[in-house]
Amino acid sequence: LTLLVIGILLVGCDGVTHNLSVQRYTTSSLTNAQADSILASASTVIKTNDGTGDVACDVTFTRNGNVTAFTTGDGSIDSQAEFNTILALSGFVAVVNQINWCGGLIPNVIGCAPVPGNSLVVVRFTSSQEGILWAHEFGHTRGLGHRNGDPNAVMNGTIGPTRLRITSDECTAFRTAVTSSATSAARAMSAQDFVRQVFIHGVPYEEASNYDAMDVPNLLEMLNDPEEMEHWANIVVVLNIIGDESVLDPLIAFITDGLNGELDHTRYVATTSAIMSMGYLINRTGDERALNFLIESLNPRAWEDRNATGVSPFLASVAETNQDLSKYAILGLALSGNPEAATALRTFLEAEPVAGAEDFQAQVQDVVTEALDANQSIEQIGLVEYYRTQER
């Protein structure tokens with residue numbers, strides 16, 4: 001098993017399968033079924049010998065996990081900075097609404113990828129030719145340039161229904177993955193073993209991003225197993241990083257169920273980690289329910305409404321505990337990089353003190369100010385780059 005930063009290369013006796021994660025801007029349209037159809041078409045383009053000047057290259061493209069939504073940017077690539085920000089997201093294929101920059105400002109681009117690179121960006125295109133487009137851009141990520149001498153080459157700088165040919169050298173490139181030693185080690189182990197590690201600096205976002213919806217059932221099973229309690233904090237973080245919308249209800253139940261009675265240190269850390277890391281899920285999917293859960297949680301009284309009666313092992317009362325939980329909601333909104341989350345934080349910062357929460361609002365002003373800075377940075381450059389720029 002060789003791992004791409006955001007895709008898996010599986011090598012059989014003869015064929016090679018590239019298992020690619022796919023994401024779309026929140027207002028772009030792409031379903032799992034549509035992504036599967038495009039990837040199958042791209043596979044046919046590469047696999048089929050279409051005559052003189054072509055070879056049958058046994059390469060298959062498949063989808064790794066669900067198509068996820070992201071809110072970073074405005075859906076239009078208009079600068080190198082915006083291009084780099086989208087490339088830094090945790091997906092191999094990113095679908096946006098428009099591309100007006102690819103190596104320079106140029107209008108009406110339908111696909112762009114670094115040569116070589118670990119991800120590509122495309123817009124939706126004529127359905128009968130999207131497989132050619134994705135195959136072409138994938139070729140760029142393998143280091144291939146344009147081959148304009150053959151008007152029917154996949155790697156020709158123009159696209160059309162006859163652009164189906166690849167050479168044997170190009171086939172070798174299509175069969176090759178760009179590896180990353182850091183992420184190879186991450187995906188080389190199961191999700192269960194990954195979360196059982198003790199991370200000095202917290203769960204590494206980029207490595208955890210290599211896990212996907214297929215890992216969710218096993219992680220949820222661990223979350224329901226008291227014998228795995230010491231790993232629950234890592235589990236909830238990875239579930240939120242995976243960003244599959246199916247994890248939201250189990251995570252909310254985990255949070256609220258863990259806030260009654262005498263709160264164990266390990267359980268409380270896992271609960272607060274689940275609240276804070278919900279920002280990852282919002283960043284990945286734009287889930288409105290998750291966003292509203294955190295926004296509502298800015299008011300400590302929200303925890304009373306959820307019948308939270310437990311006392312943190314670090315604090316003296318239910319009231320102080322609920323304020324502490326609201327602090328983690330602030331941090332979660334920061335990690336979301338979501339503009340609506342930023343608006344909620346500014347409103348909280350500028351609002352008249354809420355009855356019963358005056359002390360809390362005063363205490364967390366600096367936290368909210370820094371949370372806003374982090375939110376803006378994450379919105380601009382994405383979580384992967386955000387963590388890469390943090391000093392350890």
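Tally up the residues in segment 271-297 that are assigned to a loop (DSSP other than H, G, I, E, B) and open to solvent by 10 Å² or more (accessible area, probe 1.4 Å), please.
Selection size over segment 271-297: 2.
Has segment 382-390 got at least one residue that is outside any helix (DSSP H, G or I), out of contact with any helix residue (DSSP H, G or I) (no Cβ under 9 Å at 6 or more places or on another chain) and either modelled with pLDDT of 90 or more or within 25 Å of TYR280 (Cα to Cα) (or both)?
Checked segment 382-390: at least one residue is outside any helix (DSSP H, G or I), out of contact with any helix residue (DSSP H, G or I) (no Cβ under 9 Å at 6 or more places or on another chain) and either modelled with pLDDT of 90 or more or within 25 Å of TYR280 (Cα to Cα) (or both).
Taking the residues in segment 216-243 that are over 18 Å from ILE275 (Cβ atoms) and in contact with an Asp or Glu (Cβ under 9 Å, 6 or more places away or on another chain) as candidates, determine which candidate is most open to solvent (accessible area, probe 1.4 Å).
GLU221
For residues in segment 77-108 being open to solvent by 20 Å² or more (accessible area, probe 1.4 Å) and in a strand (DSSP E or B), which is nearest to PRO217 (Cα to Cα)?
Looking at the filtered set, the residue picked out is GLN98.
List pairs: first in segment 29-46 and over 17 Å from GLU137 (Cα atoms), second exposed (fewer than 15 other Cβ atoms within 10 Å of the Cβ), Cβ under 9 Å, 6+ apart or cross-chain?
GLN34/SER127
Restricting segment 188-214 to residues that are assigned to a helix (DSSP H, G or I) and within 19 Å of MET229 (Cβ to Cβ), which is most open to solvent (accessible area, probe 1.4 Å)?
Checking each candidate, the answer is ASP193.
Table: residues versus (1) closer than 25 Å to ASN283 by Cβ; (2) at pLDDT 95 or above; (3) out of contact with any Gly (no Cβ under 8 Å at 6 or more places or on another chain); (4) open to solvent by 20 Å² or more (accessible area, probe 1.4 Å).
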site: THR2; (1), (2), (3), (4): no, no, yes, yes
site: ILE6; (1), (2), (3), (4): yes, no, no, no
site: LEU10; (1), (2), (3), (4): no, no, yes, yes
site: CYS13; (1), (2), (3), (4): no, no, yes, yes
site: ALA35; (1), (2), (3), (4): yes, yes, yes, no
site: LEU39; (1), (2), (3), (4): yes, yes, no, no
site: THR44; (1), (2), (3), (4): no, yes, no, yes
site: LYS47; (1), (2), (3), (4): no, yes, yes, yes
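As an exercise: evaluate LEU120 against (1) open to solvent by less than 20 Å² (accessible area, probe 1.4 Å); (2) closer than 21 Å to SER336 by Cβ; (3) out of contact with any Lys or Arg (no Cβ under 9 Å at 6 or more places or on another chain) and give the number of the one condition it does not meet.
Exception for LEU120: condition (2).
The values are calculated or read from the model by the stated rules, or taken from the named source; none is laboratory data. Given the structure is predicted, the values throughout are model-derived calculations rather than measurements. When we count neighbours, we look across all protein chains shown, and the Cβ atoms used for this are built from the backbone with ideal geometry, even at glycine. Heavy atoms of the whole protein, side chains included, go into the accessibility calculation; ligands, DNA and RNA do not. Shrake-Rupley method; radii C 1.70, N 1.55, O 1.52, S 1.80 Å.
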